[in-house]
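Data first, discussion second: the structure below is written as structure tokens.
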Amino acid sequence: METCTLQIRAKLNLVLNIDGVYPDGYHRLDMLNASVNLADTVTLRPAARNAARMDGIPCTADNTIVRALNALSEQTGAHFDVAVVKRIPMCAGMGGSSADAAGVLLGANRLLGLPAAQLERIALDVGADCPYMLYGGYMRVRGRGEILNRIDGMPQLHVLVAQLCAGASTAAVYRAYDGQPSAARMEIETACAQIARGRAGYFNALQDAAIGLCPQIGVALQEMSARTPHAFMTGSGSAVVGVFDTLAAARQAGQSWRAGGKLYALSTCDCGAAFCETVEDGM
């Protein structure tokens, strides 16, 4: 029986704009995303029925992995057994849940040979970050998350990521933003030009709303801003990011960190997934 294993990488929102709300309540997004070299490992094999475990613990029905599996079964009739080893922190704004779902879809695609458009439709039903996670790298992501445009020629960034708390739910952060919406935005073209020149092209429209719900995000931003002028929150939180000239400088900043929490010194990378060898496991 074939087993497919891949690593699916975390993402950072270097820019997150909100350009309004659709009639069904979903927000219209315009984002600049990048992948970083922190990855979950997803292993799947064909099975008689769907099953999923995360670090050995069975996943609940609302887990994005289970939702991706069920959507695949509805459209293809195939079922899989999935095991995930987590490294991407949860509730961080780094796409951990979407990464795992995308890993399931990419692994199933390797075994079944599904059209890319079908994978993208399933991914969007699972979550706004999931279509991007199928590809990764530097990309402009718009709409609900379904409009994807790769951006070439961007530099490799070296970052320190800090997470002091779990933060509020994504839905709660968006509700808080909707209570005090802002017209502020960072044009993606401007951001790309500034980042390429080593300047501050980073922006997150949800940052103030998230700090209002979770003041520890503000503490982390203050701590990060003492080390680099390029500090911002990713996603709806709760992780904050600082950009440094080198990976060694990011690691050094982490060594002097006083606020506690989880710290990751990382670099951006060109794609979001890396397949291991697909093997016959004899089962």
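The values are calculated or read from the model by the stated rules, or taken from the named source; none is laboratory data. These numbers come from a predicted model, not from an experiment. In this analysis, Cβ positions are derived from the backbone assuming ideal geometry, glycine residues included, and neighbour counts consider all displayed protein chains. When the accessible area is computed, the model is the full protein with side chains, heavy atoms only, and any ligands, DNA or RNA have been set aside. Shrake-Rupley method; radii C 1.70, N 1.55, O 1.52, S 1.80 Å.
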Going highest first, how would you order 33-46, 211-224 by mean Cβ packing within 10 Å?
-> 33-46, 211-224
As a check on your grasp of the helix formula, calculate [θ] at 222 nm for the chain: sum -39500 (n - 2.57) over DSSP H runs of n ≥ 4, divide by the residue count, round to the nearest 500.
-> -9500 deg cm²/dmol
Farthest positive-ward along the chain dipole, Cα basis, beta-carbon charges - from 52, 143, 204 | 204
Note to self: C-alpha centroids of region 240-267 and region 165-212 sit apart, in Å, by 21 Å
Percent of all Cα-Cα pairs per 5 Å bin for region 1-77, counting from 0 up to the last occupied bin, reads 3, 11, 14, 17, 16, 16, 14, 7, 2, 0
Which of rounded, prolate, oblate describes the chain, given a ≥ b ≥ c as roots of the alpha-carbon gyration tensor eigenvalues and a/c under 1.5 marking rounded, otherwise prolate only if a/b is larger than b/c?
-> prolate
Result row for the chain, helices from DSSP H with C-alpha axial extent 30 Å or more and mean Kyte hydropathy at least 1.6, is none
Computed about the Cα centre, the charge dipole of the chain from +1 Lys/Arg and -1 Asp/Glu charges at the Cβ has a magnitude in debye, to the nearest 20, of 580 debye
Rank-order 160-173, 9-22 by packing density, defined as the average count of other C-beta atoms within 10 Å over each peptide's residues, highest first.
-> 9-22, 160-173
May I ask you to order 150-157, 240-247, 97-104, 259-266 by the average number of other C-beta atoms within 10 Å around their residues, highest value first?
-> 97-104, 240-247, 259-266, 150-157
Return one whole number: the accessible area per residue of the chain in Å², for a 1.4 Å probe.
-> 43 Å²
